[in-house]
Amino acid sequence: MSRRIFGPFNRVEGDLEVTVESEAGRVTAAWVNSPLYRGFEQILHGKPPLDALVYTPRICGICSVSQSLAAARALADAAGIEPPPNGQRVADLILACENLADHLTHFYLFFMPDFARDVYASRPWHGEIAARFRAQRGTATPALLRARAGFLHITGLLAGKWPHSLSLQPGGVTTTPGKAQQGALLGILLGFRDFLETVLFADRLENIAMLDDAAALARWCDAHADSDFGRFLRLADDLALHRLGRIEPDFLSYGAYGGLFASGAWRPGEGRLPLQTAWIGEDVSHSWMLSQNGPVHPLHGVTQPDAGQADGYSWCKAPRYDGRVIEVGALARQAVDGHPLIRALVAADGSNVRNRVVARLLEVARVLPAMEAWVRGLAPEAPYRIDVRLPDEAEGEGLVEAARGSLGHWLRIRNGRILNYQIIAPTTWNFSPRDGQGVPGALEQALVGTPVVEGAGESVAIQHVVRSFDPCMVCTVH
Amino acid sequence: MALSVLWLQSGGCGGCSMSLLNAESPDLYTRLRSVGIELLWHPSLSEVSADAFVALLEAIEAGEQPLDVLALEGAVMRGPAGSGRFHLLAGTGRPMMTWLRILAARARHTVAIGSCAAFGGITAAGGNPGEACGLQYDGAVAGGLLGGGWRSPAGLPVINVAGCPTHPDWVTELLAALALETLDAADLDEFNRPRSYTDRLVHHGCARNEFYEYKASAERLGDQGCMMEHKGCLGTQARADCNIRPWNGGGSCLDGGYPCINCTAPGFENPRLSFTETPKVAGIPVGLPTDMPKAWFVALASLSKAATPQRLKDNATASTIVTPPGKGKEAHES
């Protein structure tokens with residue numbers, strides 16, 4: 001048996017360390033460590049509740065809007081109000097803009113460059129992939145950066161800037177896009193659609209969204225081999241990425257975009273069951289946290305670091321849903337929603353590296369047309385926000401689907417101040433350490449069986465598995 | 001000669017890197033190429049990971065790999081109890097703050113990207129549970145990790161590209177000046193921030209200037225009036241060019257309907273009351289516009305308030321323009 005420590009991982013947000021044990025070149029056990037602790041939950045204690053809207057987006061520069069919206073929703077819940085339809089639509093537009101930009105950033109800048117590495121020089125596709133996706137030098141990069149920056153103009157119009165906006169408020173949004181902005185927004189969306197339909201898919205988004213099983217996907221790939229999605233599917237096939245990073249599906253989604261994607265829990269054989277946030281508990285038995293008696297619901301959770309915990313190996317807590325290890329993200333979201341292609345791919349091969357990437361790109365194709373409809377559906381004469389009076393004593397829950405999966409904020413207000421604020425981020429679920437029963441987290445399970453180079457040298461398969469989750473480590477521990 | 005840049009992240013959110021990718025006309029890589037900047041390593045952009053990266057750090061430490069610029073994004077994590085364990089650099093078992101001391105001694109220049117790396121920033125808010133500080137400042141106090149008297153091998157202090165997040169241009173302009181060797185000490189302000197953007201106030205170019213002139217004030221976020229009197233806006237004191245140089249194609253905090261929180265300043269993370277509420281004494285805002293004598297401000301404010309056109313009164317507390325220019329004059333005169 002051999003033991004290796006991998007880290008730091010770049011092309012993930014934040015710092016990450018993975019320890020693996022292996023035998024005969026395969027991982028037999030893994031331990032995932034989030035090595036950075038900042039203490040946002042402690043910082044928020046005693047602050048005016050509305051100031052959470054300034055602090056929480058700054059947990060993460062890549063999921064800033066998601067954090068912002070989760071805080072706004074937790075505060076709205078505490079106040080017992082809901083934003084008007086315009087406010088919800090604009091919030092969805094800003095969130096969708098961040099989420100799709102993140103999906104593209106992940107695909108082009110974080111995930112694909114690993115296939116351009118020299119270790120794949122003997123594969124028939126390597127020359128093409130290296131020319132296109134080589135880190136910093138690939139031909140896809142400048143076009144992606146331009147498309148991404150142009151798409152983020154949506155945030156310039158609707159949120160002032162990205163990241164770190166204060167425009168998302170519990171009562172709605174602080175911008176009031178009128179008729180002129182509707183036209184400007186449609187122009188931005190069409191510019192991004194053009195990039196997707198010429199470069200990423202070389203096909204209509206609607207055709208991607210209609211793919212409904214593995215055979216349809218294979219036929220599509222044959223017909224669109226020169227698109228970036230097609231390039232990925234071809235190398236995924238060659239490298240059998242559907243067998244890499246595999247775990248049994250047990251998915252959760254809080255639901256997104258005003259019902260566009262359903263909420264719930266899903267695993268094979270059970271179908272979609274209603275979401276029960278009361279079943280969420282955080283376990284700290286393997287975290288560098290002050291020990292507690294079993295898992296605690298985040299409304300009453302405590303975040304008190306303790307670097308001396310003997311069983312601890314990460315600053316990350318271990319969230320569990322009804323005691324179960326959960327995977328969140330685009331794959332979970334699309335499976336929970338019931339998209340036929342994703343349900344079919346998961347039925348055949350479970351959760352794996354390929355399916356995680358396919359779900360992300362499918363989601364891009366599904367969401368952009370919805371954004372166009374939301375812009376057309378704005379009613380510029382109607383209000384975008386309502387006034388909110390926060391009670392001095394209240395509790396609130398704010399749920400959002402970030403690019404990387406389910407994000408929750410739980411807030412208690414006493415005497416007009418924040419008494420407790422707890423956050424469970426998507427990567428907290430996916431990259432959790434073991435729990436009190438010794439059950440490893442989702443990535444820790446997914447790494448088992450992965451080929452690893454013992455001793456020195458790159459182990460690129462480990463990198464694929466880790467990055468297939470699009471981890472955000474700064475959110476994970478916060 | 002290429003300018004080599006090693007970019008590290010510690011106690012921050014990565015938002016300054018994400019913002020950097022928003023650079024436009026030209027895009028980031030074109031900007032870097034145009035002045036010969038070579039990203040030796042960047043956490044979001046480089047190919048090498050893990051062992052190869054650690055080997056690179058060790059080569060710099062040993063003096064085998066020359067380094068022109070060490071850029072840090074995120075605060076220095078000194079906790080718990082000064083140990084630096086809140087951020088051990090993955091794969092090395094060594095506190096990031098130890099690495100930073102070593103690398104800063106090797107790099108010709110050290111640059112703090114964002115207010116966390118410069119001053120501690122948001123990561124140092126509240127009770128500062130992480131014992132976060134900046135590279136050469138702890139809030140507004142010189143010191144931080146390296147000490148107030150520290151100078152880089154090039155003879156400059158840590159250059160603080162403050163902001164939360166930084167505008168992509170602020171970063172690329174500074175790196176370009178280093179590559180072109182045009183930057184000298186006089187180009188930095190009293191907190192060692194590049195004067196290329198801190199010689200301006202956020203107030204400059206603010207679309208709400210007319211409301212400010214007549215003290216026609218917003219009462220709620222999203223109202224169009226000036227946010228200085230009630231909503232905590234610090235744009236008249238904040239050192240940055242956010243309303244001259246657009247964000248994301250044309251935005252700014254003010255255009256987004258919310259106040260400037262002075263994110264380029266040390267200590268912005270702990271406002272007196274809250275971020276969106278103006279502290280006042282006897283009805284007068286505590287923080288006055290930079291360089292404005294208090295007596296004059298009070299006199300001018302009361303005068304201009306008496307002269308406020310009806311149009312501005314109407315629009316200040318509305319979320320869209322309800323009274324266009326040329327209308328509402330009669331109402332005021334009657």
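Listed values, structure above:
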quantity	calculated
Highest-fluctuation residue, B:Glu24, B:Glu73, B:Glu229 considered, GNM on chain B with Cα pairs under 10 Å	B:Glu24
Degrees between helix B:96-106 axis and first principal axis of chain B (Cα, 0 to 90, nearest 10)	80
Enclosed volume per residue, in Å³, of the convex hull spanned by Cα atoms of the protein assembly as shown	153
Highest average packing first - A:453-460, A:338-345, Cβ atoms within 10 Å	A:338-345, A:453-460
Using a Förster distance of 25 Å, the FRET efficiency for A:Met210-A:Trp279 (Cβ separation, nearest 0.05)	0.15
Listed residues A:Thr428, A:Gln334, B:Gly222: farthest to the positive end of the dipole of the protein assembly as shown (Cβ charges)	B:Gly222
For residues of A:447-453, the mean tally of beta carbons on other chains within 10 Å	0
Alpha carbon centroid spacing (whole Å) that separates region A:338-366 from region A:287-303	33
Cut-off 20 Å (backbone N to label point 7 Å along Cα→Cβ of A:Glu23), residues of region A:436-456	A:439-440, A:444-455
Alpha-carbon centroids, region B:173-222 and region B:243-259: separation in whole Å	13
Sorted largest first, extent of chain A alpha carbons per principal axis (Å)	63, 57, 42
Ranked list, fewest to most other Cβ atoms within 10 Å of each Cβ, for A:His45, B:His87	A:His45, B:His87
Count, lysine Cα pairs under 29 Å in chain B, 8 or more residues apart or across chains	23
Alpha carbon centroid spacing (whole Å) that separates region B:108-135 from region B:58-92	14
Dipole magnitude of the protein assembly as shown, debye to nearest 20 (Cβ charges: Lys/Arg +1, Asp/Glu -1, about Cα centre)	840
Rel. contact order, % - alpha carbon contacts under 8 angstrom, at least six apart, chain A	25
Amide proton proximity set for A:Ser351, modelled H, under 5 Å, gap of 5+	A:Ile247
Cβ-derived FRET efficiency at R0 35 Å, A:Ala262 paired with A:Asn293, nearest 0.05	0.50
Dimensions in Å of chain B - Rg and Dmax from alpha carbons	22.3, 80
Two-decimal log10 I(q)/I(0) for region A:234-307, as the Debye equation yields it once each C-alpha is a single scatterer, q = 0.28 Å⁻¹	-1.15
Gained length - B:Thr98 relative to B:Asp184, 0.36 nm times residue gap less alpha-carbon distance	28.2 nm
Pairwise label distance in nanometres, A:Glu454 with B:Glu277, each label 7 Å out on the Cα-Cβ vector	6.3
Test item: A:55-61 mean partner chain Cβ contacts at 10 Å	6
With Cα atoms, 0 to 90° folded angle of helix B:294-306 axis to chain B main axis	50
Under Karplus coefficients 6.51, -1.76 and 1.60, residue-wise ³J(HN,Hα) of region B:123-134 in Hz, glycine/proline x	5, 9, 6, x, x, 6, x, x, 6, 7, 8, x
Chain B: relative contact order in percent, alpha carbon pairs under 8 Å with at least 6 residues between	14
Region B:3-198 - charge dipole about Cα centre, Lys and Arg +1 at Cβ, Asp and Glu -1, debye rounded to 20	460
For peptides A:79-87, B:218-226, sequence by mean Cβ density within 10 Å, most packed first	B:218-226, A:79-87
Per DSSP, loop trypsin sites (Lys or Arg not before Pro) in region A:360-460 with at most 10 further Cβ within 10 Å	A:Arg389
HN-Hα J in Hz across region A:345-357 - Karplus 6.51, -1.76, 1.60, θ = phi - 60°, x for Gly and Pro	5, 6, 4, 6, 10, x, 8, 7, 4, 4, 5, 5, 6
Loop sites in region A:347-396: GluC sites (Glu not before Pro), DSSP, at most 14 other Cβ within 10 Å	A:Glu381, A:Glu393
Relative contact order %, region A:134-200, counting alpha carbon pairs below 8 Å whose residues are six or more apart	34
Karplus (6.51, -1.76, 1.60) ³J(HN,Hα), θ = phi - 60°, over region A:401-416, in Hz, Gly and Pro reported as x	9, 7, 3, 8, x, 6, 10, x, 10, 10, 9, 10, 10, 10, 6, x
FRET efficiency for B:Met292 and B:Thr320, using Cβ-Cβ distance with R0 set to 22 Å, rounded to 0.05	0.10
Listed residues B:Val202, B:Val322, B:Val158, most fluctuating in chain B (Gaussian network, C-alpha, under 10 Å)	B:Val322
Within region B:201-321: Cβ-based charge dipole about Cα centre, in debye rounded to nearest 20 (Lys, Arg +1; Asp, Glu -1)	200
Largest-first principal axis extents, alpha carbons of region A:302-373, Å	50, 32, 22
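Rule-based calculations on the coordinates, nothing more; no lab input. If you're wondering where the values come from, they're calculated on a predicted model, not measured in any experiment. When we count neighbours, we look across all protein chains shown, and the Cβ atoms used for this are built from the backbone with ideal geometry, even at glycine.
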